[in-house]
Amino acid sequence: MMDRFRMIFQYFQSNSESVMNGICGLLALASVKMYTCFDFSCPCLPRYNMAYGLGIMFVPPVALFLCGLILNRQSLVMLEEWRRPQGCRKKDLAVIRYMCSSIMQRAMVAPLVWIVVTLLDGKCLICAFSGSVDPEKFVGFANASAVQVQQLLAKVPCKDDELMRNNTSRKAVSRYLRCWSQALGWSILLILIIAAFLAHWLRPCFNQAALLQARHWSNYIDIEQKIFEETCCEHSRLFAHKCILHFFESMRQEIKLHSFSLGREGEGAEGEEDLLRGITDQDQVNKLLKAWYYEKPALDVSQALKGHYHASAQSKDQRVDDSGAHIFLQNPNPKVSAPGRT
Amino acid sequence: MDKFRMIFQFLQSNQESFMTGICGIMALASAQMYSAFDFNCPCLPRYNLAYGLGILLVPPFILFLLGFVLNNNVSMLAEEWRRPQGQRGKDRAVLRYMFCSMAQRAMIAPVVWVSVTLLDGKCITCAFCTSVPVETLGNASHPGLSQGEMKRVLARIPCKEIYDGQELITNEVAVRYLRCISQALGWCFVLLMTTLAFLVRSLRPCFTQAAFLKSRYWSHYIDIERKLFDETCAEHARSFAKVCIQQFFEGMSTDLAAAHCHSPRKAPADAGEAAEKLLGITDQGTMNTALKSWHRCKPPLHLHPPALPSGNGWAGEGQPPPRPPEPRRETAAYYSRV
C-alpha cells in the first residue's frame, strides 16, 4: 500500500509541471492552426475595416487566454487555496502569488502567439489601417475627392475587387502597411523574448530562498489535492463493497428467518457456497434485485464492520482488503461512534 | 484484479485530463462533420432563411441530445432520481451535480458546430442575403425592380453562377459584407462561451466548495456502487449456474444408476481429478440421455442445500456433497423431472 502511494506520488510530482507545459504548447499550436484555418475576409468598407481588423487581432487572444485559464488545473487549486477558511492551517500569500504568476505566464503564451502571427502575416493591419493612410504619399489617390479617396483606400485589402485589380497604388499601400505590420510583429517578438530571458536569468538574484519555498508549497498543495481525491475514490470503492456485502448478508438473514430449512449452517464453506451467499433460488434472487431497487440499504456499514470483526477469527473473507479497510471505513454519520479498530 | 484497480484509480485521479481529452475529441468530431457536410443554399427568397437557420440551429440540438444519449451516466442519474426512498435518503444536490456535469460535457459539440458555422460564413450569407443594405452598398435606384423582384435577385447572391444583379449590387461586395458580419458574430459567440465557462469554473471554489466536495464524492460513490453491484450479481449468477449444472449432472447420474439397478460407478476418492470431472457419466448412452434431458426439461432454478448439518464437520470441507439419505434423494429426483 505504501509502495503504491510512493509510486503514484513520484509520478504526479514528475509530471505536474510537464502536463501544464504540454497543455500550454498544445494551445499555442492550436492558436496557429486556427489562424491558418480561419478565412480572413476584409469587408472593404470604410468604417467596417477598422472594427473587423482590430477585432480579429484582439478578440481571439482574449478567448485563448480564458481557455488557457480554464484548461489549467492549477488555477482551480489556487482559487480554492485563496478562498478557503483559515482553519488550522495558515494561508501563505507568497505561495498564492507564485501560483497566480505561473498560471498567468502559461495562459499568456497562446494569445501572444496569435497576435505575433497576425502581425507577421499582415492581413489584419492592412485591413484595419488602409483607410488611415495618408493619400498624398501615393500617386493614384492624390487627385480624388475625400469621399472617393476613403472608398478607394477601403478597398485596398481586396485584391479581386474590379476597381483595384491592377492598381499599382493599391499594391504600394499594401506593401507599405505590410512592412509596418511585420516590423511591429518582429519587434514585439524580440521584446518578449528579451523579457523572458531576463526574467529567467535575473530571478535567482532576487530572493531565491523565498522562491524555493513558494514553489515547494505550491507543488505540495497541488499534490495534496490529487492524493485527497484519489483517497476518496479508494474509500468510496471500499465503502460500496462493504455496503453491498452487508446487503447480501442481511438478505440471507431475512431468508433464513422466513424459511424453515435446516440447512445453511455451513457458514464457513469455501468456494461456490460462499459466492452464493445463501441465495439459491430464483425467487430469492428476484426478491434481492427488487429490494435493491425499492429499498436501497442505508449508507451505514458500521453493523457490517462489527459483524466482520467478530467473525474474522473464524472465517476469512478473501475479497476484503483488510489492511486498508480499518483505516478508511469509519461511519460517515458522526453521531454514531465507529466501532473500527484503531 | 490489483492491476485493474490501479489503472481504474489512475483514470479516476486523472479524471480532469481524461474528460478534457473526451471534450477535445467531440469538438474535433463536430468540426470534421461540418467540413464534410455539403452546404447547398437553395437561392430562393423564403427558403434561404429557413435553410440557413436550420443548418445553424438543428444539428447543434441533435448533437446535444446525442451527447446525453452516449453518456453512460444518464441512466444512473435517471435511476437515482426515480428510485423509491427506501432506507436511504435522496440528496437533491447530488442529482443536480450529476446533471450539470453531464450537460456541460454535452454542450461542447453544439457550441463548436455553431462557432465553426458562424466563422465559416456560408450559413449567414445564405440566410440573410435578402436583407443586404442595397442603399449603402449598391445602386438602390436601379430602375425597374419591384420589392419582390429585388428580393428574388438578392436571394441568388450565394449562387454565383446564376447571379444576375451585378448592376444592383456586386456579388463580391455583398458576400464580403455578409461574411464580415457572420465572422464578427462567430468570434463574439466564442468569446461569450469562453467567458461563461470561465465564470462557471472559477466561481465554484469561491462559493460552494464544501457542498461541491460532498456532491462529487456521493455521485462517484453511486457510480461505483452500481458497477460493483453488477459485478457481484454476475459473480453470483456464475456460481448459481455452476452449482445448478453440477446438481443436474449428479441428479442425472444417480437417476440412471437407480433405473439400471446396479451400483453407481461413483469414483472412489482417490481416483483422481478426471474421474471426478466425469460426474458419474461414463458411457455414450448416459451422456445422450443427459443431453436430451437438458433440452427437454431444464432443472428448476432452485439449488439443493449442499449438506445436512451432521455434527462431524462435513460443511467445512468443500467436497462434492456425499449421498444424502435415499428417500429424500428420490423425492428430489422426481421433483427435478417436473
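How much space per residue, in cubic angstrom, does the convex hull of the C-alpha atoms of the stretch B:150-225 take up?
Numbers: hull volume 12.7 nm³, N = 76.
Once divided by residue count, the hull of the stretch B:150-225 is 167 Å³.
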Review point. For the pair B:Leu301 and B:Ala29, how long in nm is the line joining their label points, each one 7 Å along Cα→Cβ?
Key: 3.6
Practice item. Could you tell me the accessible area of B:Lys151 in Å² (1.4 Å probe, neighbours in place), rounded to the nearest ten? Key: 90
**Study point:** Tail weight of P(r) past 13 Å, computed on alpha-carbon pairs of the stretch A:43-96, percent
**Key:** 71
Point to revise | Rounded if a/c under 1.5, otherwise prolate or oblate - the stretch A:36-194, Cα gyration tensor axes | key: prolate
Exercise for review: Could you go through the stretch A:26-35 in sequence order and give the Karplus-derived ³J(HN,Hα) for each residue, using 6.51 cos²θ - 1.76 cosθ + 1.60 with θ = phi - 60°, rounded to whole Hz, and x for Gly and Pro?
Suggested key: 4, 5, 4, 5, 4, 4, 5, 4, 4, 5
Check your understanding: Rounded to the nearest 0.05, what FRET efficiency is calculated for A:Trp186 and A:Val139 with R0 set to 30 Å and r the Cβ-Cβ distance?
Key -> 0.55
Review point. How much solvent-accessible surface does A:Ser236 expose, in Å² to the nearest 10, with a 1.4 Å probe and all protein chains in place?
Key: 0
Exercise for review: Report the full-extension gain for the segment B:Arg238 to B:Leu95: residue separation times 0.36 nm, less the Cα-Cα distance, to one decimal in nm.
Suggested key: 48.1 nm
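Between B:Ala78 and A:Arg83, what FRET efficiency comes out of the Förster formula 1/(1 + (r/R0)^6) with R0 = 30 Å and r the beta carbon distance, rounded to 0.05?
On the way: r = 34 Å, r/R0 = 1.13.
Between A:Arg83 and B:Ala78 the formula returns 0.30.
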**Study point:** Accessible area, probe 1.4 Å, largest first, for residues A:Leu211, B:Leu28, A:Leu69
**Key:** B:Leu28, A:Leu211, A:Leu69
Exercise for review: At q = 0.16 Å⁻¹, what is the base-10 log of I(q)/I(0) for the stretch B:46-144 according to the Debye formula with one equal point scatterer per Cα and no solvent? Please give it to two decimals.
Suggested key: -0.80
Practice item. Could you list which residues have their amide H under 5 Å from that of B:Gly121, counting only those 5 or more apart in sequence or on another chain, with H placed in the peptide plane? Key: none
Point to revise | Accessible surface buried once B binds A (1.4 Å probe; total of both sides; Å²) | key: 6900
Practice item. Find the centroid of the Cα atoms in the stretch B:61-75 and in the stretch A:68-104, then give the distance between the two in whole Å. Key: 34
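If you build the Cα gyration tensor of the stretch B:93-222 and take the root of 5 times each eigenvalue, what three semi-axes come out, in whole angstrom, biggest first?
Working: eigenvalues 493, 36, 22 Å².
So the three semi-axes of the stretch B:93-222 are 50, 13, 10 Å.
If the chain between B:Leu185 and B:Arg88 were fully stretched, how many nm would it gain, using 0.36 nm times the residue separation less the Cα-Cα distance?
On the way: separation 97, 0.36 × 97 = 34.92 nm, distance 4.95 nm.
My answer for the length gained is 30.0 nm.
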Revision key, fill the gap. Taking a ≥ b ≥ c as the square roots of the Cα gyration tensor eigenvalues, with a/c under 1.5 meaning rounded and otherwise prolate when a/b beats b/c or oblate if not, the stretch A:109-263 comes out oblate
Practice item. Might you work out the accessible area of A:Lys256 for me, using a 1.4 Å probe with all protein chains in place, and round it to the nearest 10 Å²? Key: 70
Check your understanding: Once label points are set 7 Å from the Cα along Cα→Cβ at both A:Leu26 and A:Ser101, what is their separation, rounded to one decimal in nm?
Key -> 2.8
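Across all directions of projection, what mean area in square nanometres is found for the Cα convex hull of the stretch A:188-242? Intermediate values should be presented prior to the final figure.
Working: hull surface 24.4 nm².
The directionally averaged projection comes out at 6.1 nm².
The values are calculated or read from the model by the stated rules, or taken from the named source; none is laboratory data. Since we're looking at a predicted model, the values are computed, not measured. Note that we place each Cβ from the backbone using ideal geometry, even for glycine, and neighbour counts take in every protein chain shown. Remember, those area values only see protein heavy atoms, side chains included, never the ligands or the DNA or RNA. Shrake-Rupley method; radii C 1.70, N 1.55, O 1.52, S 1.80 Å.
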